[in-house]
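Rule-based calculations on the coordinates, nothing more; no lab input. Quick caveat, the model's predicted, so the values are computed rather than measured. Cβ sites come from the backbone with ideal geometry, for glycine too, and all protein chains shown count toward neighbours.
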């Protein structure tokens, strides 16, 4: 799986890495049980600071997406159903709310939003790119 | 013999220096990164041609000068050695001066025509690239060390048999020409130096393995092939070198223990074969790496380009990047590796063994 960052972007580099890894898992490029490269190898290959990669891994761990196992590195967690009311579900709801609120403020209609959601789901599930 | 070795080395250097601009990554011209669209710019091609021709012309002029001088003056052995050492250095110096000139010219061209400005710069990696890395495992590099330990043990067992004067240097005729007093340390000092070098090769192999596999955002496949080829053949070449020095040092040590083990002809031929194999090996290495992925560099990449790393390359030769945890990176001018000078561990790995060998020499 290709990770591509834009160093001059407004989005912090660790955030770009986190987002791409999440998307890679959603698309099935990475599966549960797969391990991510070591922080040193990842940083060296990408040409970024080790702290940046480390920060991204910790963010992913905090979100319950990977597990950092001493000695064997970062492993992608197996996901079961996300229970209503769990901290992760609450966080997603909260983040969705912010985005939807902004969409409404900018004049997006409910149908448009639903259409958008369907398209994104379709893309993530079937488009391997 | 001195003259033959000189001639081989001299023409080897000429050939390598002339070939360098054509063996480096096509997107790096005289240490300056250029966009794929400009890598076949006629002016850049002219710079490369002029560089190679200047090196060739200098080499020939120097060589003819030496010939004429050699015929007129009845040179002694000492001046011969001096000249044969100085000439390759003079050639390297002229090549470097020439590089500096064309580095400046290329930098100027890039700045004036604003190459690579206004494109979105990207850095890229492939999470699966490491699974295709073919560098040799560390334990292969540990194998020759066993030979060294065996040689040390053998020397200790045959200590009584050793001559009172231990040879420490061998002349171009293959015969020892410098000696030191026999004592338990001087008897095994050369296998110890061998061991230091073997450790050095193992450590360099491991640190190279941990250094970054740098991919290009626009020519991902070409850069992947080149990086993986460079890593694989570096590892093989270092292993070959480690085996060869082990053989050479073991021969010399056995010769010290059993004085008439090999004939004079063999003593002359073994170091010569050693040199020849290494030179041939480095030519194969340079050509393999230079050709790897060379045809796959794409010329598109509109609106996007690789992150411009020129800021980290002082003079296009010295790499200083605090953020990069790599200890070694691919050279910009030449085939092989250079240090990330911002990483102090690199200094240890390169200068540590040299220092240790000097210490061993001092106490012998």
(message) I'd like the FRET efficiency for residue B:120 and residue B:5, computed as 1/(1 + (r/R0)^6) with the beta carbon distance as r and R0 of 60 Å, rounded to 0.05.
(response) 0.70
(message) If packing is taken as the average count of other Cβ atoms within 10 Å, what order do B:240-247, B:357-364 fall into, highest mean first?
(response) B:240-247, B:357-364
(request) For chain B, calculate the relative contact order in percent as a whole number, restricting contacts to Cα pairs under 8 Å that are 6 or more residues apart. (result) 25 percent
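What is the calculated FRET efficiency for residue B:68 to residue B:177, with r their C-beta to C-beta distance and R₀ = 45 Å, to the nearest 0.05?
On the way: r = 30 Å, r/R0 = 0.67.
Between residue B:68 and residue B:177 the formula returns 0.90.
For a footprinting-style exposure proxy, rank B:330, A:122 by other Cβ within 10 Å, fewest first.
Details: B:330 25, A:122 10.
Going from least to most buried by this count: A:122, B:330.
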(request) Could you state the angle between the C-alpha long axis of helix B:264-291 and the longest principal axis of the C-alpha atoms of chain B, as a value from 0 to 90 degrees rounded to the nearest 10? (result) 10 degrees
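Taking 0.36 nm per intervening residue step and subtracting the Cα-Cα distance, what contour gain separates residue B:284 from residue B:161 on full extension?
Details: separation 123, 0.36 × 123 = 44.28 nm, distance 4.24 nm.
Gain on stretching residue B:284 to residue B:161: 40.0 nm.
Classify the protein assembly as shown as rounded, prolate or oblate, taking a ≥ b ≥ c as the square roots of the eigenvalues of its Cα gyration tensor: rounded when a/c is under 1.5, otherwise prolate if a/b is larger than b/c and oblate if not. Show your work: numbers first, answer last.
Details: a/c = 3.38, a/b = 1.74, b/c = 1.94.
Oblate, because a/c is 1.5 or more while a/b does not exceed b/c.
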(message) So, R0 is 22 Å and r is the distance between the beta-carbons of residue B:275 and residue B:342; what FRET efficiency does that work out to, to 0.05?
(response) 0.05
(request) Calculate how steeply helix A:50-62 sits against the longest principal axis of the alpha-carbon atoms of chain A, using the helix alpha-carbon long axis, and give the answer as 0 to 90 degrees to the nearest 10. (result) 50 degrees
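Per-residue counts of other Cβ atoms within 10 Å, averaged by peptide: what ranking do you get for A:34-42, B:135-143, B:306-314, highest first?
Working: A:34-42: 19.4, B:135-143: 14.2, B:306-314: 16.7.
The most tightly packed comes first, giving A:34-42, B:306-314, B:135-143.
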(request) Consider a paramagnetic label point 7 Å from the Cα of residue B:258 along Cα→Cβ; state which residues of region B:132-172 have an amide N under 17 Å from it. (result) B:150-163
(message) When a/c reaches 1.5 or more, the comparison of a/b and b/c decides; with that in mind, is region B:237-364 rounded, prolate or oblate per its Cα gyration tensor?
(response) oblate
(request) For a footprinting-style exposure proxy, rank B:8, B:71, A:66 by other Cβ within 10 Å, fewest first. (result) B:71, B:8, A:66
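Name the shape class, rounded, prolate or oblate, that the alpha-carbon gyration tensor gives for region B:88-206, where a ≥ b ≥ c are the square roots of its eigenvalues, rounded holds for a/c under 1.5, and otherwise prolate holds if a/b is larger than b/c and oblate otherwise.
Numbers: a/c = 5.59, a/b = 1.85, b/c = 3.02.
The shape class here is oblate.
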(request) Compute the relative contact order of region A:1-113 as a whole-number percentage, counting only Cα pairs closer than 8 Å that sit 6 or more residues apart in sequence. (result) 21 percent
(message) I need two numbers for region B:1-117: Rg to one decimal and Dmax as a whole number, Cα atoms only, in Å.
(response) 17.8, 61
(message) For region A:105-129 and region B:1-44, what is the centre-to-centre distance using only Cα atoms, to the nearest Å?
(response) 53 Å
(message) Neighbour counts of other C-beta atoms within 10 Å: give me A:55, B:322, B:182 arranged from fewest to most.
(response) B:322, B:182, A:55
(message) So the label point goes 7 Å from the Cα of residue A:62 along Cα→C-beta, right? Which residues of region A:69-106 then have their backbone N under 20 Å from it?
(response) A:69-70, A:74-77, A:86-99
(request) For every helix of n ≥ 4 consecutive DSSP H residues, a contribution of -39,500 (n - 2.57) applies; sum these over chain B, divide by its total residues, and give [θ] at 222 nm rounded to the nearest 500 deg cm²/dmol. (result) -22000 deg cm²/dmol
(message) Quick check: Cα centre of region A:24-89 to Cα centre of region B:71-137, how many Å?
(response) 40 Å
